[in-house]
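Colleague: Next up is a structure, given as structure tokens.
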Amino acid sequence: MRKTRLFALTALIAMSTASWAQFRQVDPRENVGLKDAYKDYFTIGVALNQRNISDDAQKALTIKQFNSVTAENDWKPGEIHPKEGVWNFERADKIANFCRQNGIKMRGHCLCWHSQFADWMFTDKNGKEVSKEVFYERLREHIHTVVNRYKDVVYAWDVVNEAMADDNNAPRWGRRGGQEPSPYRQSRHFQLCGDEFIAKAFQFAREADPNVLLFYNDYSCVDEGKRERIYNMVKKMKDAGVPIDGIGMQGHYNIYFPDEAQLEKAIVRFKEIVKHIHITELDLRMNNESGGQLMFSRGEAKPQPAYMATLQTDQYARLFKVFRKHADVIDNVTFWNLGDKDSWLGVNNHPLPFDENYRPKACFRAIRDFDASLDNRQPKEDFVPNFWNQPGQEWPKVNSEGYARFRIVAPDAKSVIVSLGLGGRGGTVLKKDKDGVWTGTTDGPMDPGFHYYHLTIDGATVNDPGTGNFFGSCRWESGIEIPAPDQDFYANRMDVKHGKMVQVLFPSKSTNMVKVANVYLPPTYDGKKRFPVLYLQHGWGENETSWPVQGCAGLIMDNLIAEGKTNPFIIVMTYGMTNDIKFGGMGGFTAKEFETVLCDELVPYIDANFKTIAKKDSRAMAGLSMGGMETKTITLRRPEMFAYYGLLSGGTYMPEDIKDPKQVKVIFESCGSKENPDGIKASVDALKAAGFDAHGFVSEGTAHEFLTWRRSLREMAPLLFK
């Protein structure tokens, strides 16, 4: 079964035994903030409003996660200096004092902007336009007053904000009717002063604070035209001696744009002229819009669709990978607001790593929990078709390192996601080429063994047409096999004798149905000699086909028997009725219905129709995951039925669970090393100390997945029916 669904399910389990706690998903890095994760790269900032610094929980979140703060609106000229001689410092001071009290440095935002500006600077008392000299006097006083008031807490200022024209605007002509389109926004500042106002603003800021970093800040810096306009302006200014230290690249992006190449091209270009780049206003919209325009869609009033959350998570992870690559010039990355509730884009755009209740989203964990070793790693180009591919199909592919690569033709789609992936992203997001072909490779090697997956194309769940279908997650899923170093033990070998996999239909009066079971008969089964029987259960979301197909149970047994490592026995695999349990209903799950089907209907049917040794000492029951939960429950309630117990990533027994140690011959417990092997060890040690013949096994390098359980069957089989 899929790990993500297991954890969602087990989080709802209300069981008396504590053994299931070992499989619950926890955040082992809960106490690690973004600022801690990026301490070797750059500071992590956030834009705050008055509500954020008035709420204890939001203040605590800020202190834990960030080491740089920007005032979202309260330091803008129109807010802080609305009229000549009138200064509104109260709101600005509150944010500054919060930072001072908590040792957080600030990015000042902003000293000169066409919007939210102190427009009174442009006119006299009669409403007539003043000369640029008068304007400069007023602007200088404003900048000196504000910079000096906060110079103890501010390490960088956005001096001039958004002075360049956009790519998507109609050409704007020069102030004096020139024949070339102007690269500048036709603001009141520019109309009065030309581009000299930019130089003057930086001059005044440097006068006020010789040590602070001074930035030109703008949006859409990855757009080629605007990128070049910004580059040319900053280079021109710096060549003229204007003290511009850095460029602030506003990160008002979306879940589709920009790609890594576009972003990196802008960073590399700006590196040519400045030593400091800040990502100043980062958020990701749920649509195709980007940039800092005030006209945008604020999103529909509904929860964030899961597939869009995956796109957002992937996009954030990709962006931060580029940021880390250029940490030699990127000093700071600042999110534009604390949580979705605060965002200027509207809560229904879901643009930030913290939701409307300030809880971390999946994208938060992808940003924080990066694997630096994968940042510059490129997969080895020895990809071959997946073992389970349908005849004649080349894709998907896997390589010798464990990477998986996918290819889907969907020219009209907006997004294609493969549910298989790393780092909590929710999958691998594919990218479309000019021919409408989507391709993508997992960000790193996958755990070896079998994995379920599916495609999400614009929100619709479909299977990959290239590979086979396997029942998991309560539906037929696609499947892929990552080669394992020890895969020979479940290989389909020509040099061994193979048993048979027989499907039987047995009547179930308790359910008024004819039910299905798959029965493995060892190679030596001839209808004469009698054999012991293992009743082997699947997990939640799977069925009677899971162990025979993706579990490779028959092949594992054939190889063990051929090598003389186990006594031959029959394996019976039937549907465990696990999928009838709905989320939220686990508290009332008792497995009583399945117990009746198994013990009172299937076991008698198997004993009547196959050559079995029809007694307790020749029967075993084992199960993976929720099948292990059924195994534990049924073996304890029906001690007369089974003498061998096996829990594969399915909880643990403790001595007090079993009334009479003589009722069980062998107990086997296992899990993957990425689950919680300490729980297995503690249980096995306790059972051994109490006199039980208990055995534990930990599958190295795997989690809650079929290679763990294939290996578990390999280890358990030799212990049965000695």
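The values are calculated or read from the model by the stated rules, or taken from the named source; none is laboratory data. Model, not experiment: these values are computed from the prediction. Note that we place each Cβ from the backbone using ideal geometry, even for glycine, and neighbour counts take in every protein chain shown. To get the accessible areas, we keep the full protein, side chains included, count just its heavy atoms, and leave off ligands, DNA and RNA. Shrake-Rupley method; radii C 1.70, N 1.55, O 1.52, S 1.80 Å.
Colleague: Below 30 Å Cα-Cα, how many Lys pairs turn up in region 607-685? Only count pairs eight or more apart in sequence, or on different chains, if you could.
Modeller: Total qualifying Lys-Lys pairs in region 607-685 comes to 21.
Colleague: What longest range of the chain stays clear of loop-exposed chymotrypsin sites (Phe, Trp or Tyr not before Pro) (DSSP non-H/G/I/E/B, at most 16 other C-beta within 10 angstrom)?
Modeller: In the chain, the maximal stretch lacking such sites is 90-386.
Colleague: Pick out, from 535, 703, 496, the residue whose Cα sits farthest towards the positive end of the charge dipole of the chain, with +1 on the Cβ of Lys and Arg and -1 on the Cβ of Asp and Glu.
Modeller: 535
Colleague: Could you put 654, 164 in order of accessible surface area, largest first, with the 1.4 Å probe and the full protein assembly present?
Modeller: Details: 654 60, 164 0 Å².
From most accessible down to least: 654, 164.
Colleague: Roughly how many nanometres apart are two label points built 7 Å out from the Cα toward the Cβ at residue 413 and residue 27?
Modeller: 3.1
Colleague: Next question. With only Lys, Arg, Asp and Glu charged, each at its Cβ (+1 for the first two, -1 for the last two), find how big the charge dipole of region 403-468 is about the Cα centre; round to the nearest 20 debye.
Modeller: Approximately 140 debye in magnitude.
Colleague: If you take the square roots of the eigenvalues of the alpha-carbon gyration tensor of region 384-482 and sort them as a ≥ b ≥ c, do you get rounded (a/c under 1.5), prolate (a/b over b/c) or oblate?
Modeller: Numbers: a/c = 1.30, a/b = 1.23, b/c = 1.05.
Since a/c stays below 1.5, the shape of region 384-482 is classed as rounded.
Colleague: Taking +1 at the Cβ of each Lys and Arg and -1 at the Cβ of each Asp and Glu, which of 679, 575, 339 sits farthest along the dipole of the chain towards its positive end, judged by Cα position relative to the Cα centre?
Modeller: Ranked along the dipole, the leading option is 575.
Colleague: Not counting ligands, DNA or RNA, and with a 1.4 Å probe, what is residue 99's accessible surface area in Å² rounded to the nearest 10?
Modeller: Only protein atoms counted, so the area is about 0 Å².
Colleague: Leaving ligands, DNA and RNA out of it, report the carbon-plus-sulfur percent of the accessible area of region 488-719 at a 1.4 Å probe. All intermediate terms of the calculation are to be shown ahead of the outcome.
Modeller: Values: 4640 of 8900 Å².
Of all accessible area on region 488-719, carbon and sulfur atoms account for 52 percent.
Colleague: Under the classification rounded if a/c is under 1.5, otherwise prolate if a/b is larger than b/c and oblate if not, where does the chain fall, given a ≥ b ≥ c as square roots of the Cα gyration tensor eigenvalues?
Modeller: Verdict is prolate for the chain.
Colleague: Let me ask another. Which GluC sites (Glu not before Pro) in region 365-456 pass both tests, a DSSP loop state and at most 12 other beta-carbon atoms within 10 Å?
Modeller: Values: sites: 381, 394, 401; in loops: 381, 394, 401.
Taking region 365-456 and a limit of 12 other Cβ atoms within 10 Å, the loop GluC sites (Glu not before Pro) found are 381, 394.
Colleague: Separate question: Taking only protein heavy atoms into account and a 1.4 Å probe, give the accessible area per residue of the chain in Å². Mind showing how you got there, number by number?
Modeller: Details: 29450 Å² over 722 residues.
I get 41 Å² per residue for this part.
Colleague: Another question about this same structure. Place +1 on the Cβ of every Lys and Arg and -1 on the Cβ of every Asp and Glu in the chain, take the dipole about the Cα centre, and give the residue among 392, 274, 606 whose Cα lies farthest towards its positive end.
Modeller: It is 606, whose Cα lies furthest towards the positive end.
Colleague: With the crude spin-label approximation of a point 7 Å out along Cα→Cβ, what separation in nm comes out for residue 663 versus residue 271?
Modeller: Between residue 663 and residue 271, the simple spin-label model gives 6.8 nm.
Colleague: Working out 0.36 nm times the residue gap between residue 488 and residue 128, then minus their Cα-Cα distance, what length gain in nm do you get to one decimal?
Modeller: Roughly 120.9 nm would be gained on extension.
Colleague: Rounded to the nearest angstrom and ordered from largest down, what semi-axes does the equivalent ellipsoid of region 488-719 get from its C-alpha gyration tensor (root of 5λ)?
Modeller: 24, 22, 18
Colleague: Mind giving me the FRET efficiency for residue 119 and residue 381? R0 is 60 Å, r the Cβ-Cβ distance, nearest 0.05 is fine.
Modeller: Approximately 0.50, to the nearest 0.05.
Colleague: Shifting gears a bit: Report the label-to-label distance for residue 617 and residue 371 in nanometres (one decimal), using points 7 Å from each Cα along the Cα→Cβ vector.
Modeller: If labels sit at residue 617 and residue 371, their model points lie 4.9 nm apart.
Colleague: Next question. Looking at the chain, send over the antiparallel percent of its DSSP beta bridges, to the nearest 5.
Modeller: Antiparallel bridges: around 45 percent, rounded to the nearest 5.
Colleague: Hey, got the dipole for the chain? About the Cα centre, +1 on K and R Cβ, -1 on D and E Cβ, debye to the nearest 20? Before the final figure, lay out each step's value.
Modeller: Details: 92 positive and 93 negative charges, 156 e Å.
Magnitude of the dipole: close to 740 debye.
Colleague: For region 607-722, what class follows from the C-alpha gyration tensor (a ≥ b ≥ c being the square roots of its eigenvalues): rounded when a/c is under 1.5, otherwise prolate if a/b is larger than b/c, else oblate?
Modeller: Cα axes put region 607-722 in the oblate bin.
Colleague: What whole-number distance in Å separates the alpha-carbon centres of region 363-381 and region 186-202?
Modeller: Taking the Cα centre of each part, region 363-381 and region 186-202 sit 43 Å apart.
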